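Everything on this sheet refers to the single structure shown next.
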Ligand code: COA
């Protein structure tokens, strides 16, 4: 038995949800470029869960189900108020989502119908939880969704309490479309491994949130913004990046396990970063990002991934840095739950082997002889 480090190149399951073939990402066979230009996040959620684009009637029904399911149980809100004020936002999200299971009478119901209803609840409640965490931290009461036919609009409203503007809704909606699913990424794999034991959907999504939190996965978007802030301004880009590259340090937001010729999602976010920067009248984050890309691609051949330009996009939308990864989770919840449903439909326990590299022929040593 020989281990493959990081399971690189290992095909661990079959799936009909999303594919990355020759650098092209598709959801249910539709190129992400087409979806980014045309689809709403809710259409994508339906597509991922049910394998086809919704009719208008189906979309209206999904939107109304999502709106009807977005209320966070009061005990979870009360519990969130006890979190430390400086709690890590992804730790808070992971804890709150785990708690949601305690108040869902269907949490342990493994029927397909109940699992679809739980997917709807999770998709509806994650944005409410992230917004509530933000408001509680700001010393404000969480507010309920306003029932817009869009998760992006409801999320912005639940964060600020203000009517969200159309450009912000459109930008966030597109970001949600672009992050919704991505084949067998680390957090989706974590979700599938968890539910393949026939554990419940909340456990699967809680595992996934834990995996997404890391800086090599979803945590990279926050790390990109931290880097941009640390650089400080355009004149410091060269010395900062050259220094990092000379020290063989990683530049967050670059490189990818699967894409070696560029992440197809990055160009949409790059365009959006420029547009949002122009709208806010501050394109400095965008310009710094472009310069960093020139240096990193020029010197290392590494291309930006989905996280690189999301950082400047979210900053232009006025979203605090530590909510970037929770927003990724709001979007990826659609992919996680689609994969969980697919796993349940054709389940087998996921239990690989390890190549043993430890000692052999050892013996128990009595305490007094150690
Ligand atoms: N900055 C600088 N060098 C990088 C790099 C980056 N962001 N990403 C990869 N490399 C280099 C590695 O140092 C390594 O170089 P070496 O062969 O000289 O040691 C080589 O490229 C291969 O990288 P490796 O980390 O082994 O690739 P991986 O497939 O295991 O990792 C990532 C993929 C995404 C984890 C990795 O590219 C990374 O850490 N990127 C930064 C974090 C990030 O943006 N994550 C979000 C992913 S969507």
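Please treat every number below as a calculation from the coordinates, not as lab data. These numbers were taken from a predicted model, which means no experiment stands behind them. Don't worry about glycine lacking a Cβ; one is built from the backbone with ideal geometry, like all the others, and counts go over all protein chains shown.
The mean of 1/r over all pairs of different alpha-carbon atoms in region 262-359, once inverted, gives a Kirkwood hydrodynamic radius of 16.3 Å. Residue order for 283, 241, fewest other beta carbons within 10 angstrom first, comes to 283, 241. Here region 299-345 is treated as a sphere whose radius is the Kirkwood value from Cα pairs; by Stokes-Einstein at 25 °C and 0.890 mPa s it diffuses with a coefficient of 192 µm²/s.
Summarised as an ellipsoid, the chain has semi-axes of 30, 29, 22 Å, derived from the eigenvalues of the Cα gyration tensor scaled by 5 and square-rooted, with the largest first.
The per residue volume of the convex hull around the alpha-carbon atoms of region 51-134 is 107 Å³. A quarter of the convex hull surface defined by the alpha-carbon atoms of region 172-276 gives 8.4 nm² as the mean projection.
Once the mean of 1/r is taken over each pair of separate Cα atoms and inverted, region 220-316 shows a Kirkwood hydrodynamic radius of 13.2 Å.
With the cut-off at under 18 Å, measuring from each backbone N in region 57-82 to a point 7 Å along the Cα-to-Cβ line of residue 30 picks out 57-64.
What does the C-alpha gyration tensor say about the overall shape of region 276-331? Classify as rounded when a/c is under 1.5, otherwise prolate if a/b is larger than b/c, or oblate.
oblate
Model label points for residue 226 and residue 55, set 7 angstrom from Cα along the Cα-to-Cβ axis, are 5.0 nm apart.
Applying 1/(1 + (r/R0)^6) with R0 = 35 Å to the Cβ-Cβ distance of residue 2 and residue 363 gives a FRET efficiency near 0.80.
Relative contact order for the chain: 22 percent, from Cα pairs under 8 Å spaced at least 6 residues apart, divided by residue count. Both radii come from the Cα set of region 153-200: Rg as radius of gyration, Rh as Kirkwood radius; their ratio Rg/Rh reads 1.21.
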